[in-house]
1. Is the stretch 323-344 home to any residue that is basic (Lys, Arg), at pLDDT 85 or above and over 25 Å from Val88 (Cα atoms)?
2. Residues in the stretch 330-388 that are part of a loop (DSSP other than H, G, I, E, B) and farther than 30 Å from Gln29 by Cβ: how many?
3. What pairs come out if I take residues in the stretch 182-194 that are at pLDDT 70 or above and pair them with residues that are of a type in the set (Val, Ile, Thr) and part of a loop (DSSP other than H, G, I, E, B) whose C-beta lies under 7 Å away, six or more apart or interchain?
4. Return the residues of the stretch 261-307 that are part of a helix (DSSP H, G or I), over 19 Å from Thr336 (Cα atoms) and either in contact with a Phe, Trp or Tyr (Cβ under 8 Å, 6 or more places away or on another chain) or of a type in the set (Phe, Trp, Tyr) (or both); say none if nothing qualifies.
5. State all residues of the stretch 224-257 that are farther than 22 Å from Leu357 by Cα, outside any helix (DSSP H, G or I) and under 29 Å from the mean Cα position of the chain (by Cα); if no residue qualifies, say none.
6. Output the number of the condition that Thr189 fails; it satisfies all remaining conditions of (1) surrounded by 17 or more Cβ atoms within 10 Å (Cβ to Cβ); (2) closer than 22 Å to Arg72 by Cβ.
7. Test Leu170 against the criterion of being part of a strand (DSSP E or B), assigned by TED's automatic domain parsing to the domain that holds Leu64 and out of contact with any helix residue (DSSP H, G or I) (no Cβ under 6 Å at 6 or more places or on another chain), and give yes or no.
8. If you check Ala46, Ala108, Ala131, which single one turns out to be touching a Lys or Arg at 6+ places or on another chain (Cβ under 7 Å) and modelled with pLDDT of 95 or more?
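The values are calculated or read from the model by the stated rules, or taken from the named source; none is laboratory data. Note that the coordinates shown come from a computational prediction; the quantities given were computed from them, not determined experimentally. With ideal geometry, Cβ positions are generated from the backbone for all residues, glycine too; neighbour counts draw on all protein chains shown.
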Amino acid sequence: MTKFEDLGLSPSLLKSVTDAGYTDPTPIQLKAIPIVLEGHDIMGLAQTGTGKTAAFGLPIIDQLLSMQGRPRPKEIRALVVAPTRELVTQIRDNLRNFVRHTHLRIGAVVGGASIHVQQKNLGRGTDILIATPGRLLDLVERKALFLNTAKFLVLDEADQMLDLGFIHDLRKISKLVGTPRQTLLFSATMPKQIEDLSQAFLNDPVRVETNPPGRAVDKINQSVHFVYQKAKTEKLKDCLIERRDDLSLVFSRTKHGAERLMKHLVECGFKATSIHGNKSQGQRTRAIEAFRSGEARILVATDVAARGIDIPGVTHVYNFDLPEVAEAYVHRIGRTARAGKGGEAVAFCSPEEMRLLGDIERLTGQEITTASGEFSEQEIANAPKRKRGGGGNKGGNRKRQPNKGKRRKPVKHQGSPHQDSQRNNDGKPQNDQNKPGRAARKKQNQAANSNRPNNGGGRRRRAKRNAVAA
């Protein structure tokens, strides 16, 4: 069996890999690390939880160790862009484990944290910077860092960055990063936009693929309960009661729904916490740490946690609501069966979500095992149709359409001198044919103003009073 020692990594880095608990490389690491060490651009496709961070992190660190000197203030040598704060934190922690016995400095910048502290840290120079796109560009505009010295650019979970509408930010970042450079793009799914992105960002890339895009990890046992929406909470509690000591991750479609479900579980005696977009960075960090330590056994989350939570102890993932985008299901259930372990993925499907379940099964290429319940064809046909979400995040907030807001009350004319319309006997507006036109009204106003007495204006009066006072 191939070991990390066989991949061409330096001895000092191999010691860090051993200390971090890594023994045998995963398939994506076996294929990607030698290619990155040779200097090629890569488009890497692999399932969640298969070690993509080490696949790009280890060869980049190895090449940085061979470079002379250190980065100057506000300069970086490698940039990793990720879509969420949680994923940035996860990548930073993993890379810090790898550089423990080296002089390399790892930094991270995300929104929701103090930008002034981040500016101060960047002032010392950074070897590898992990960032979310928005905060990264904010710091560039403040001239807190320069990207033209970066020799490596990594786009991790690129498909989600496209879903979140980061494509314009990515194009800006790509132009700011220095050339020549080595660009690495990693994702677990492969929509058409990723193909287009790879052509724009990568230079003659090598495609590295360990499994068909969209396929879930084989060690995840998937099942679905067919249950009405109003009965989902009780069904979830029944499942959780059976496994009170396990770490369970519950996904809700909305932020308010996740918070409401978490509070209900706490009231019922469960040790639960939540994470979603309405939480501050500090609240999200504390929730994840409570879940990681076992203080909270249940974490209720939106898709903000579908990527970026790497907790090997998660045994169950519950899809309380099925996601609008089938690819999100793959990332959700990828939070279990981490680091080669097994896991359970349980979905709750209501009649109105049958279309979403079909999308998921077509993407994964497998039929999910039925755990309980069934719906008749009549129930499915009579279920209210769900509307697909609009915008870049596919199921997120829709853009407000013009003139679709609160209806304005009609203005009642009270016989003004320039009344545009009048009411006939039927109460309907009728055009006033005798009303002067716009040009005629303007001349009338000018004539009226010319007949007013001219008192010299305020400026003249003030000048006269000042002269008398002098």
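1. No, the stretch 323-344 contains no residue that is basic (Lys, Arg), at pLDDT 85 or above and over 25 Å from Val88 (Cα atoms).
2. 12
3. Ala188/Thr48
4. Across the stretch 261-307, the qualifying residue is only Leu261.
5. Asp246, Leu247, listed by residue number.
6. Condition (2) is where Thr189 drops out.
7. So Leu170 does not fit the description; no.
8. Result: Ala108 is the single residue among Ala46, Ala108, Ala131 that is touching a Lys or Arg at 6+ places or on another chain (Cβ under 7 Å) and modelled with pLDDT of 95 or more.
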